[in-house]
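A quick write-up on the structure given underneath.
The values are calculated or read from the model by the stated rules, or taken from the named source; none is laboratory data. Just so we're clear, the structure is a prediction, and the values are computed from it rather than from any experiment. Counting neighbours? That spans all protein chains shown, and the Cβs are built from the backbone with ideal geometry, glycine included.
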Amino acid sequence: MTRRAAGTRYARALFDVALKEADVEQVGRDLGAFAQLVAGNEALARVLSNPAIPAGRKRGVIEQLLAHSGATAPVLSKLLLLLADRDRLGLLPDVAAGYRERLMRHANVVRAEVVTASPLPPDRMDALKDGLVRATGRNVQLESRVDASIIGGAVTRVGSTVYDGSIARQLQRMRDTLTEH
């Protein structure tokens, strides 16, 4: 099983339990903050991911961090201690990402990105977002990025679906058609 798949499994389990026993959004914030704390501290990340350090010592580090962090939801504390006991703390970034995705799905939100050759004015971004909301039937979290290499048009990614309306792609299709014959 890949790290991402394992992280997604832990995230799904945490989400399902948090849905019954805690505030899923607060658990998500706490998990994200804990993952950021570990990622932002190189020495801590090295200790928690080092297989030469016994799981019991890692559990002690997690217990101390949880004691100093204040009010962490019990379901999250249990998961972090479980990951420490199983020496799986290296999955923390994958668990956090999987939980965020699960939380967005629960809130009926989809992430979208639009790439254009030049910045879109706010009114065009709003119109695009409204169109994506109508097309998907979900709330859309839209991010914009500029990439001059697409020449013109737009490339929109909604979840795992890509709509490529760039001039660069149209030119590529024309070139492919002309070289086939």
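Some points to look at:
- So Ala168, is it assigned to a helix (DSSP H, G or I) and either over 21 Å from the mean Cα position of the chain (by Cα) or closer than 30 Å to Thr2 by Cα (or both): yes
- Pairing residues of segment 105-126 that are under 26 Å from Thr8 (Cβ atoms) with residues that are of a type in the set (Asp, Glu), at Cβ distances under 9 Å and at least 6 apart in sequence or on separate chains, gives Ala107/Glu25; Arg111/Glu101; Arg111/Glu143; Ala112/Glu143; Glu113/Glu143.
- Odd one out for Thr72 among (1) touching a Lys or Arg at 6+ places or on another chain (Cβ under 9 Å); (2) surrounded by 14 or more Cβ atoms within 10 Å (Cβ to Cβ); (3) more than 17 Å from Ala6 (Cβ to Cβ): (1)
- Taking (1) more than 18 Å from Ala18 (Cβ to Cβ); (2) touching a residue at least 12 places away in the same chain (Cβ under 8 Å); (3) surrounded by fewer than 15 Cβ atoms within 10 Å (Cβ to Cβ) in turn, Leu48 satisfies each apart from (3).
- Residue check: His68 meets all listed conditions (1) modelled with pLDDT under 95; (2) assigned to a helix (DSSP H, G or I); (3) closer than 30 Å to Asn41 by Cα; (4) in contact with a helix residue (DSSP H, G or I) (Cβ under 6 Å, 6 or more places away or on another chain) but one, namely (4).
- Any hit, segment 117-140, residues being on the phi > 0 side of the Ramachandran plot, out of contact with any Lys or Arg (no Cβ under 8 Å at 6 or more places or on another chain) and either among the aliphatic types (A, V, I, L, M) or not assigned by TED's automatic domain parsing to the domain that holds Arg100 (or both): yes
- The set of residues in segment 81-113 being within 15 Å of Gln26 (Cβ to Cβ) and either outside the structural domain of Lys58 (by TED's automatic domain parsing) or of a type outside the set (Ser, Thr, Tyr) (or both) consists of Ala96, Arg100, Arg102, Leu103, His106, Ala107.
- Failed criterion for Thr177 (all others in (1) assigned to a helix (DSSP H, G or I); (2) closer than 21 Å to Asp126 by Cβ hold): (2)
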